[in-house]
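As structure tokens, the structure follows; a few thoughts come after it.
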Amino acid sequence: MNAGKIYFFGVVAIVVLVLVYTFVFTGKKDSYISELIKFRVEKDEFFKESPDSPIQNKETFTKLNYFPPDQAFRINADLNLIKDTTRLRVGRTDGTTEYMIRYAYAVFQLGGKQHKLLLLKSSDDGDKNRLFLPFNDKTNGFDTYGGGRYLDIDWKEEKTKVVLDFNFAYNPFCTYNANYSCPIPPAQNFLDIPIKAGEKDFAK
């Protein structure tokens with residue numbers, strides 16, 4: 001069986017699992033689950049086919065690994081804007097650094113604890129409606145990549161709350177390919193609980 005067929009049957013298996021989860025465990029079609037699985041399937045297609053994919057050996061690639069969808073990890077957080085305009089020096093995996101805008105703190109409850117995470121923006125302000133959350137948690141080095149994961153957050157200036165959906169947490173490209181340089185999550189963005197949602201470590 002060639003790699004293309006393996007990939008095709010891998011996608012079919014994902015869709016079947018979605019249907020089982022949706023109808024057996026929830027008893028009805030869940031649009032949230034459908035949206036999440038669609039996102040994951042499209043990402044697998046990008047990693048398999050795109051010239052911009054970080055995957056070096058696309059012939060053997062089938063799919064990424066994920067935790068099952070869990071809406072308990074879709075969090076409504078309070079957004080506390082940061083008035084101090086001092087930029088944060090962020091280390092990168094290749095030993096270089098960059099400066100990012102310390103934009104706000106997201107404050108929320110999860111796992112019986114209150115958490116406070118720093119949300120960043122790129123210094124070039126390329127996307128005004130997106131915030132960046134690099135974070136670590138207690139799954140790092142076990143179920144997930146040891147260097148932490150990322151979350152992109154849709155946002156508008158007038159909002160005082162923000163949704164943190166860890167089901168969309170993803171690995172930096174340097175997880176798949178050492179030729180990439182990726183931001184390292186700041187120490188203050190360590191969650192003292194396991195975040196069993198989103199992308200797992202990549203089985204090379």
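The values are calculated or read from the model by the stated rules, or taken from the named source; none is laboratory data. Just so we're clear, the structure is a prediction, and the values are computed from it rather than from any experiment. Neighbour counts are summed over all protein chains in view; Cβ atoms, including those assigned to glycine, are modelled from backbone coordinates with ideal geometry. With ligands, DNA and RNA removed, areas are computed over all heavy atoms of the protein, side chains included. Shrake-Rupley method; radii C 1.70, N 1.55, O 1.52, S 1.80 Å.
Give me the number: length gained by fully extending Glu35 to Lys113, i.e. 0.36 nm times residue separation minus the C-alpha to C-alpha distance, one decimal in nm.
25.2 nm
Once each part is reduced to its C-alpha centroid, what is the distance from the range 42-85 to the range 129-156 in angstrom?
Between the Cα centre of the range 42-85 and that of the range 129-156, the gap is 9 Å.
So, counting K/R as plus one and D/E as minus one, what does the shell of residues with Cβ under 13 Å around Lys58 add up to?
-3
Which whole-Hz couplings ³J(HN,Hα) result when phi for each residue of the range 160-171 is put into the Karplus expression 6.51 cos²θ - 1.76 cosθ + 1.60, θ = phi - 60°, listed in order with x for Gly and Pro?
10, 10, 8, 9, 9, 10, 6, 5, 9, 4, 9, 7
Can you give me the orientation-averaged projected area of the convex hull built on the Cα atoms of the range 55-180, in nm²?
That works out to 9.3 nm², a quarter of the Cα hull's surface.
Would you mind checking which residues have amide H under 5 Å from Asp30's amide H? H placed 1.01 Å from N; only 5 or more apart, or other chain.
Residues meeting the criterion, in which the H sits 1.01 Å from N, do not exist here.
In whole Å and largest first, what semi-axes does the C-alpha gyration tensor of the range 23-122 yield when each eigenvalue is scaled by 5 and square-rooted?
31, 26, 11
Please report, to two decimal places, log10 I(q)/I(0) for the range 40-81 at q = 0.16, 0.20 Å⁻¹ as given by the Debye formula with identical point scatterers on the Cα atoms and no solvent.
Treating every Cα as an identical point scatterer, log10 I(q)/I(0) equals -0.59, -0.69.
What is the set of long-range amide H partners of Ile75 at a cut-off below 5 Å, with H atoms built 1.01 Å from backbone N?
Leu164, Asp165, Phe166
Arrange the peptides 180-190, 41-51 so that the one whose residues have, on average, the most other Cβ atoms within 10 Å appears first.
Output ranking for 180-190, 41-51: 180-190, 41-51.
With a Förster radius of 41 Å, plug the Cβ-Cβ distance of Tyr103 and Phe142 into 1/(1 + (r/R0)^6) and report the FRET value to the nearest 0.05.
Calculated transfer efficiency: 0.85.
Do the alpha carbons of any pairs in Lys83/Lys196; Lys43/Lys113; Lys113/Lys200; Lys38/Lys121 sit beyond 29 Å of each other, and which pairs?
Listed pairs above 29 Å: Lys83/Lys196; Lys43/Lys113.
Accessible area of the range 119-204 with a 1.4 Å probe: how many percent of it is carbon plus sulfur?
Here it works out to 50 percent.
Taking 0.36 nm per residue of sequence separation and subtracting the Cα-Cα distance, how much length would be gained by fully extending the chain between Asp84 and Thr160, in nm to one decimal?
Going from the current span to full extension adds 25.6 nm.
Let me cross-check Tyr66: its accessible surface, 1.4 Å probe, with only protein heavy atoms counted, in Å² to the nearest 10?
Accessible area, nearest 10 Å²: 40 Å².
To make sure I understand the rule: partners must be aspartates and glutamates, Cα under 14 Å from the Cα of Lys58, and not fewer than 8 residues away in the same chain. Which ones qualify?
List returned: Asp44, Glu45, Glu49.
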